[in-house]
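Enquirer: There's a structure below that I have some questions on.
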Amino acid sequence: MQLLNTLYVTTPDTYLRLDNDTLRVEVERETRLRVPLHHLSAVVCFGHTGLSAPLMHRLAESGVALVLLDDNGRFKARLEGAVSGNVLLRQAQFQRVADPAFTLDMARASVAGKIKNTRQVLQRGAREAKSEDEAKTLTRLADDLAASLRALPEVTSLDSLRGVEGESARQYFSGLNLLVRPDQRTAFAMDGRTRRPPRDRFNAMLSFLYAMWMNDCRSALEAAGLDPQVGFLHALRPGRAALALDLMEEFRPWADRLVLTLINRGQLSADDFVLREGGGVSLEPDARKAVVVAYQERKKDEINHPLLAQSVPLGLIPLVQARLMARALREDGAPYVPFVAK
């Protein structure tokens, strides 16, 4: 497997056009970059980006997805060519989602993966804490998440499962401030998860990174032949990629870890954000580039996959998990096992 290449366009007022078999990136009518189309799996544009019609046609013909997001990473549109994949697999997916017991099992697996990975973030923070009181607080929160995990097998409905997930997320986010180095806590204070728009700098980075993880999860599901719109944990709604959201749950803590790294290493500061009227917060253009570069580099990290018993680049793990989902949908007795780092 090769690590899929995604072109992220973050510079405002960029124009993309087709130049033979190459995508040309222009800023103020000056060519800044040329990328051969056969090197790309997707093009993701943040904010106001211009595109030529010939390029959009060629991307669709070549199977390269075009994704449009706003400045904060909120999904706007996606252009792609004819749907590929195994129609029998999708038929099995549609049949499975109509089975309440199977749906609950798949949703439970997604929540379990998320809680296990978020718990590891808190446990690591407790080990590295400089203050004994902070270490105790983080350990207590990690123990609370362990209690949530123990409660999952007893859950009998999706609503109850979503309640457990929501409470565990609240507990987890309440502890993230303690993982920020003390001299940055005022600038990057976080009062729970906020979005549309994010209300603080921490949430602004989370929303931005979650958008990129979401795109990669959706692409992975499509590569496996699944319909990203039909999920189990997230309710079906027009325009919502419910299965991609399901898959992304186990990867959210990886975005959280990267945010903490960028803050604690001083790669981003308070000046890298725009505080807008109405309370919204967004990243400056140069800061968006820094986050994209850090994300692309993080995807190259070799991670041991417990089921494969081998190291896999982090960026390929959504593809592995999408195929495990496909196996669970096709085969009775093959439960979906979420990715949990060791």
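The values are calculated or read from the model by the stated rules, or taken from the named source; none is laboratory data. Only a predicted model underlies this, so the values are computations on that prediction, with no experimental measurement involved. Heads up, the Cβs are rebuilt from the backbone with ideal geometry, glycines too, and the neighbour counts pull from every protein chain shown. Surface accessibility is based on the protein's heavy atoms, side chains included, excluding ligands, DNA and RNA. Shrake-Rupley method; radii C 1.70, N 1.55, O 1.52, S 1.80 Å.
Enquirer: Kindly evaluate Val9 against the criterion of being open to solvent by less than 70 Å² (accessible area, probe 1.4 Å) and in contact with a Phe, Trp or Tyr (Cβ under 7 Å, 6 or more places away or on another chain).
Expert: Details: open to solvent by less than 70 Å² (accessible area, probe 1.4 Å): yes; in contact with a Phe, Trp or Tyr (Cβ under 7 Å, 6 or more places away or on another chain): yes.
Here the answer is yes, as Val9 does meet what is asked.
Table: residues versus (1) on the phi > 0 side of the Ramachandran plot; (2) modelled with pLDDT of 90 or more.
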residue	(1), (2)
Glu249	no, yes
Asp256	no, yes
Leu268	no, yes
Gly280	no, no
Gln296	no, no
Ala309	yes, no
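Enquirer: Another question, then. List every residue pair whose Cβ atoms lie under 9 Å apart, where the two residues are 6 or more positions apart in sequence or sit on different chains, the first residue falls within region 138-160 and is in contact (Cβ under 8 Å) with a residue 60 or more places away in the chain, and the second residue, located anywhere, is exposed (fewer than 15 other Cβ atoms within 10 Å of the Cβ) and hydrophobic (A, V, I, L, M, F, W, C).
Expert: Between residues of region 138-160 that are in contact (Cβ under 8 Å) with a residue 60 or more places away in the chain and residues that are exposed (fewer than 15 other Cβ atoms within 10 Å of the Cβ) and hydrophobic (A, V, I, L, M, F, W, C), the close pairs are Leu158/Ala235.
Enquirer: Output the residues belonging to region 177-218 that are under 18 Å from the mean Cα position of the chain (by Cα) and hydrophobic (A, V, I, L, M, F, W, C).
Expert: Answer for region 177-218, where residues must be under 18 Å from the mean Cα position of the chain (by Cα) and hydrophobic (A, V, I, L, M, F, W, C): Phe202, Ala204, Met205, Leu206, Phe208, Leu209, Ala211, Met212, Trp213, Met214, Cys217.
Enquirer: So, in region 188-226, how many residues would count as being open to solvent by 30 Å² or more (accessible area, probe 1.4 Å), assigned to a loop (DSSP other than H, G, I, E, B) and either closer than 16 Å to Thr261 by Cβ or not basic (Lys, Arg) (or both)?
Expert: 4
Enquirer: Ok, one more. So which pairs qualify, if the first residue must be in region 56-69 and of a type in the set (Val, Ile, Thr), the second must be in a helix (DSSP H, G or I), the Cβ gap must be under 7 Å, and the two must be at least 6 apart or on different chains?
Expert: Every condition considered, the pairs that remain are Val64/Leu37; Val67/Asn215.
Enquirer: Could you tell me whether region 259-267 includes any residue that is within 30 Å of Met106 (Cα to Cα) and part of a helix (DSSP H, G or I)?
Expert: Here is the first cut: in region 259-267, the residues within 30 Å of Met106 (Cα to Cα) are 259-260.
Add one more test, that the residue is part of a helix (DSSP H, G or I), and what stays is 259-260.
Yes, the conditions are met somewhere in region 259-267.
Enquirer: What single numbered condition from (1) assigned to a helix (DSSP H, G or I); (2) in contact (Cβ under 8 Å) with a residue 60 or more places away in the chain; (3) of a type outside the set (S, T, N, Q) fails to hold for Gly279?
Expert: Among (1) assigned to a helix (DSSP H, G or I); (2) in contact (Cβ under 8 Å) with a residue 60 or more places away in the chain; (3) of a type outside the set (S, T, N, Q), Gly279 violates only (1).
Enquirer: Quick one: is Val312 closer than 20 Å to Asp227 by Cβ, among the β-branched types (Val, Ile, Thr), surrounded by 14 or more Cβ atoms within 10 Å (Cβ to Cβ) and in contact with a strand residue (DSSP E or B) (Cβ under 9 Å, 6 or more places away or on another chain)? Don't jump to the end; show me each part of the working.
Expert: Working: closer than 20 Å to Asp227 by Cβ: no; among the β-branched types (Val, Ile, Thr): yes; surrounded by 14 or more Cβ atoms within 10 Å (Cβ to Cβ): yes; in contact with a strand residue (DSSP E or B) (Cβ under 9 Å, 6 or more places away or on another chain): yes.
Judged against the criteria, Val312 is not a match.
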